[in-house]
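One structure below.
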Amino acid sequence: MQNIPYEKICGYIKARGIFVNDTEQEVFRSVTVHRTIPRGTVIMEQGRPVERLYFLNEGIVRLFRVHNEVDYTLGLISSNDFISTPLYLANGAPSTCALEALTDIEVLEWGKEEMFIIRKEFHHGYELEMTIMDRLLSWLQDGQINAICLSAEERYLKLLREQPEVIRSVPLKYIASFLGIHQDSLSRIRKQVSESR
């Protein structure tokens, strides 16, 4: 399975102690779609059932929710991670949020039928699904803790340290929304940070 489109997901799976045999690798390739999606595409819509699970090879997506006509950025996800959720995919529940490509993105993707095949054919299919769910729960918990415990400047510095490509590539309005501050406040923080370096 170790060729360019699969290199990152192989690393992701192995780092979590999940190993697949040659037969499973062939099944995985046969049910996986590898494609590039253009910037600005909404790949998961708020209020509609989730139809695809994605692994983000390259690019940046934002998780957002529109509430009372206000657009809130809940997450900025860069390469080498799962986006969407197998839980919503399996139960057909409408998504409470949406996903938008902020850059051109390269993804691996699976529908409900393909995920059923992976679950059935992989001896570690359940563990893989639980690993994805655990990652999503950890991400949500970290976001809550950061929002409560860190100042806006500390959250910006954390984003700068952990996802510098987001700072370079994402419009300021989305970064400000993600940090829960006004764009003018973000500009002041950016200025202070650059002056202190």
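The values are calculated or read from the model by the stated rules, or taken from the named source; none is laboratory data. All of these numbers come straight from a predicted model, not from anything done at the bench. Reconstructed Cβ throughout: ideal geometry from the backbone, glycine too, with neighbour counts over all protein chains shown. The area values use the complete protein model at the heavy-atom level, side chains included, leaving out ligands, DNA and RNA. Shrake-Rupley method; radii C 1.70, N 1.55, O 1.52, S 1.80 Å.
Quick notes on this structure:
- Scanning segment 137-153 for residues that are surrounded by 14 or more Cβ atoms within 10 Å (Cβ to Cβ) and among the charged types (D, E, K, R) yields a single hit, GLU153.
- Scanning segment 25-34 for residues that are out of contact with any strand residue (DSSP E or B) (no Cβ under 8 Å at 6 or more places or on another chain) and open to solvent by less than 50 Å² (accessible area, probe 1.4 Å) turns up GLN25, VAL27, PHE28.
- Note on segment 76-89: residues that are more than 18 Å from GLY47 (Cβ to Cβ), small (Gly, Ala, Ser) and in contact with a Lys or Arg (Cβ under 8 Å, 6 or more places away or on another chain) amount to 1.
- Set ASP22, ASP71: member being open to solvent by 20 Å² or more (accessible area, probe 1.4 Å) and over 17 Å from ILE117 (Cβ atoms): ASP71
- Restricted to segment 5-19, and to residues there that are among the hydrophobic types (A, V, I, L, M, F, W, C) and open to solvent by 80 Å² or more (accessible area, probe 1.4 Å), the residue that is nearest to ILE118 (Cα to Cα) is PHE19.
Residues checked against (1) over 30 Å from PRO49 (Cβ atoms); (2) open to solvent by 40 Å² or more (accessible area, probe 1.4 Å); (3) not hydroxyl-bearing (Ser, Thr, Tyr):
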position	(1), (2), (3)
GLU114	no, yes, yes
HIS124	no, yes, yes
ARG135	no, yes, yes
ARG155	yes, yes, yes
ARG168	yes, yes, yes
ARG190	yes, yes, yes
SER196	yes, yes, no
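- Residue check for ARG39: on the phi < 0 side of the Ramachandran plot, open to solvent by 40 Å² or more (accessible area, probe 1.4 Å) and either at pLDDT 95 or above or touching a Ser or Thr at 6+ places or on another chain (Cβ under 6 Å) (or both): yes
- For segment 74-84, filtered to residues that are in contact with a Leu (Cβ under 6 Å, 6 or more places away or on another chain) and under 26 Å from GLU127 (Cβ atoms), the residue that is surrounded by the fewest Cβ atoms within 10 Å (Cβ to Cβ) is GLY75.
- Taking residues in segment 177-197 that are under 20 Å from VAL70 (Cβ atoms), and partners anywhere that are small (Gly, Ala, Ser) and assigned to a helix (DSSP H, G or I), the pairs with Cβ atoms closer than 6 Å and at least 6 places apart or on different chains are LEU179/ALA152; ILE181/ALA152; GLN183/ALA176; LEU186/ALA176.
- Cβ-Cβ under 8 Å pairs, at least 6 apart or on other chains, segment 17-28 side closer than 12 Å to TYR6 by Cβ and touching a residue at least 60 places away in the same chain (Cβ under 8 Å), far side open to solvent by less than 70 Å² (accessible area, probe 1.4 Å) and not aromatic (Phe, Trp, Tyr): VAL20/MET1; VAL20/ILE13; VAL20/HIS124; PHE28/MET1; PHE28/VAL20; PHE28/ILE118
- Taking segment 157-166 as the range and being over 11 Å from SER78 (Cα atoms) and open to solvent by 70 Å² or more (accessible area, probe 1.4 Å) as the test, only ARG161 passes.
- In segment 42-68, of all residues being charged (D, E, K, R) and crowded, with 18+ Cβ neighbours inside 10 Å, the one that is farthest from GLU129 (Cα to Cα) corresponds to ARG62.
- Under the condition of being open to solvent by 20 Å² or more (accessible area, probe 1.4 Å) and under 16 Å from the mean Cα position of the chain (by Cα), the residues counted in segment 98-112 number 4.
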